[in-house]
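To start, the structure under review is shown below, and the notes come after it.
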Amino acid sequence: MQTHQTNFASGSVYRNILEVAVPMTIAQCLNMLYNVVDRIYIGRIEGIGSMALTGVGLCFPIITLITAFTNLFGNGGGPLFAMERGKGNTREAENIMGNAFTMLVAVGIILMVIGSLFYKPILYAFGASDATFPYAEEYIQIYLLGTVFVMVSIGMNPFINGQGFGNTGMFTVLIGALLNIVLDPIFIFVFQMGVRGAALATILSQFFSALWVMRFLTGKKAEQHLKKSCLKVEWRRVRSIMALGVSGFIMAFNNGLVQIACNVTLQAYGGDIYIGVMTVLNSVREIFTMPVSGLTNGASPVMSYNYGRKSYDQVKKAIAFVTAICVTFTLAAWGILRIWPEFFIRLFDGDGALMEAGVPALHIYFFGFCFMALQFTGQCIFVALGKAKKATFFSIFRKVVIVVPLTLLLPMIPQLGVDGVFWAEPISNVIGGLACFITMMVTVMPELNGKKKKEK
């Protein structure tokens, strides 16, 4: 494979963003396939598809927690790494990368052990019933064994993209996604492993993705390398990484908190069938948020690099470009979901048991979907420019302050009932998205304009 590197210091900022973001968006979409393909196949297991899908959905908060710690060190270290490269401090960039790797591996081992010991009470606390627990148990037992592979393959990819190797970063995910697509039906249906087969396919795929990442970062083609001398933890660097990564951590952690609140409330007001519906809605949301996430993540190292080298006009152009594309895409996605909801539910609902409850729930859940793009964009810009406190605040604000209380309170309104759970998401998108984006505009843009004037 030919390794292409984007030079963030030259050329059009739009081209630089797209050169990193397009492969990364493809990679994000492929990464989504790890879980989405599992759910598609699981939903088609004869006789138990809907119940097995519900059981796997109960594992989402645990999987999301693993993602949260991956974001803490990967997405926290990535922008710092890119900023140091922009300043010409390549040695410090390698030290940041090495410390992030050590923390990813150490925390991955800890999460695997704790999860393996306590998954049963955790799953029941998250809304499992006696009917759905066996399927959740089968999946999470195996998935937890691959925790370190997941954290290394996803958490270290920002350090590949941060060097301008967008195509290589895409291949990290492509390898795992293709393997998962091939192995899933073999393990689930040919070897008749069911839910266990889906989990085994996922962790094997992540293992090979992690090998690819390690091979590149320790090989000759990388500019900054993962070196043994940089692996020793220095808490000053770790604190800096965590300070910037905490917003991504809280965002993912809060997603898990919301999933728990939703599952518990849906179990109380609607039963297992509505947890299955929420599993489908989360899967559909992943399909349509991954391109937005890929674009914002791809723009992040370009903005960080130019911010580090004081090219503030380039940063402002990047902000406008990313915002326009994200809002346009999510408006189109909202229209597609409004017109063809049945198609997306059928992807995961092999026996049709979820269709009747799923269509009206989907219409509610994705109402005003375009406002979600404002949250993603504002959050990305805060993180890329090192505004850790603002990024953290808005991570907490939308999920903890808005979504969780609404998820618990709205179903108490007699006219809403179970629909109240689904209304919490669009309300939070409107309030949280506008608050985050407007705050970014009134704080970041004047700062960039002020720094530009000072330079003159």
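The values are calculated or read from the model by the stated rules, or taken from the named source; none is laboratory data. Computed from a prediction, not measured in an experiment: that's the story for all the values here. Note that we place each Cβ from the backbone using ideal geometry, even for glycine, and neighbour counts take in every protein chain shown. Side chains included, ligands, DNA and RNA excluded: accessible areas come from the protein's heavy atoms. Shrake-Rupley method; radii C 1.70, N 1.55, O 1.52, S 1.80 Å.
A few comments on the model shown:
- Projected area averaged over orientations for region 74-211, convex hull of C-alpha atoms, nm²: 9.3
- Computed from backbone phi with θ = phi - 60° and the Karplus coefficients 6.51, -1.76 and 1.60, the 3J(HN,Hα) list for region 316-332 is 5, 5, 5, 4, 5, 5, 5, 4, 4, 5, 5, 5, 4, 4, 5, 5, 5 Hz; x is used for glycine and proline.
- Note on residue 312: accessible area is roughly 20 Å² with a 1.4 Å probe, heavy atoms of protein only.
- Value in Å of the Kirkwood radius, where region 302-432 supplies the Cα pairs that are averaged: 16.8
- Note, ³J(HN,Hα) from phi for region 38-51, Karplus 6.51, -1.76, 1.60, rounded to Hz, x at Gly and Pro: 3, 5, 4, 5, 4, x, 10, 5, 4, x, 10, x, 5, 5
- Legend: residue pairs 220/316; 220/310; 87/221; 310/399; 228/390; 120/389, Cα-Cα distance threshold 24 Å; pairs beyond threshold, 220/316; 220/310; 310/399; 228/390; 120/389.
- Space enclosed by the convex hull of the alpha-carbon atoms of region 257-322, per residue, Å³: 95
- The HN-Hα couplings worked out from phi for region 385-400 by the Karplus form 6.51 cos²θ - 1.76 cosθ + 1.60 (θ = phi - 60°) are 9, x, 8, 5, 5, 5, 4, 5, 4, 6, 5, 6, 4, 5, 7, 7 Hz, whole numbers, x standing for Gly and Pro.
- Residue order for 229, 12, 205 - accessible surface, 1.4 angstrom probe, largest first: 229, 12, 205
- For the chain: span of alpha carbons on each principal axis (Å, largest first): 65, 45, 37
- Largest-first ordering by accessible area, 1.4 Å probe, given options 313, 349, 130: 130, 313, 349
- With the alpha-carbon atoms of region 148-214 aligned to their principal axes, the span from lowest to highest coordinate is 43, 21, 13 Å, starting with the largest.
- Per residue, region 36-183 exposes 31 Å² of solvent-accessible protein surface, assessed with a 1.4 angstrom probe and all protein chains in place.
- Shape box of region 355-450 [Cα atoms, principal axes, largest first, Å]: 53, 22, 16
- Positive-end extreme of charge dipole, the chain - chosen from 174, 385, 420 (charges on Cβ): 385
- By the helix-only formula, in which each DSSP H run with n ≥ 4 contributes -39500 (n - 2.57) and the sum is divided by residues, the chain has a 222 nm mean residue ellipticity of -26000 deg cm²/dmol.
- Part-to-part distance (alpha-carbon centres) for region 280-350 and region 201-223, which is given in Å: 26
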